[in-house]
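Structure first, then comments.
Values in this text are rule-based calculations from the coordinates and carry no lab data. Because the structure is predicted, anything quoted here is derived from the model rather than measured. Every residue, glycine among them, receives a Cβ derived from its backbone with ideal geometry; neighbour counts consider all protein chains shown.
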Amino acid sequence: MRQDLWIPMLLVLGWATVARAMLVSAHKLPPTCGTCGRRFERRHLGEPVCRCHA
């Protein structure tokens, strides 16, 4: 990777993280596990949920 691209990519990643956190805080997106990526609570019957921290 070129040397001058890592700073813009880092900024995009940072803004994406902040945007996701704001959407979760506003209850527009469900919170998900950082390890497996699954939701902590079911929305539909039979939907798989995170068991990493159980």
Study note, to complete from the structure: Once amide hydrogens are built 1.01 Å from N within the peptide plane, the residues lying 5 or more places from Cys36 or on another chain with amide H under 5 Å from its amide H are none
**Study point:** Unit charges on C-beta of K, R, D, E only; dipole of the chain, Debye
**Key:** 200 debye
Study note, to complete from the structure: Checked against the structure, the computed semi-axes √(5λ) of the Cα gyration tensor in Å among (1) 34, 12, 9; (2) 53, 7, 4; (3) 30, 14, 8 is the one labelled (3)
Practice item. Let me have the relative contact order for the chain, percent, based on Cα pairs under 8 Å that are six or more residues apart. Key: 18 percent
Practice item. Pop out the ³J(HN,Hα) list for region 26-43 in order, Karplus 6.51 cos²θ - 1.76 cosθ + 1.60 with θ = phi - 60°, rounded to Hz; leave Gly and Pro as x. Key: 8, 6, 8, 10, x, x, 10, 6, x, 7, 9, x, 8, 6, 7, 10, 6, 9
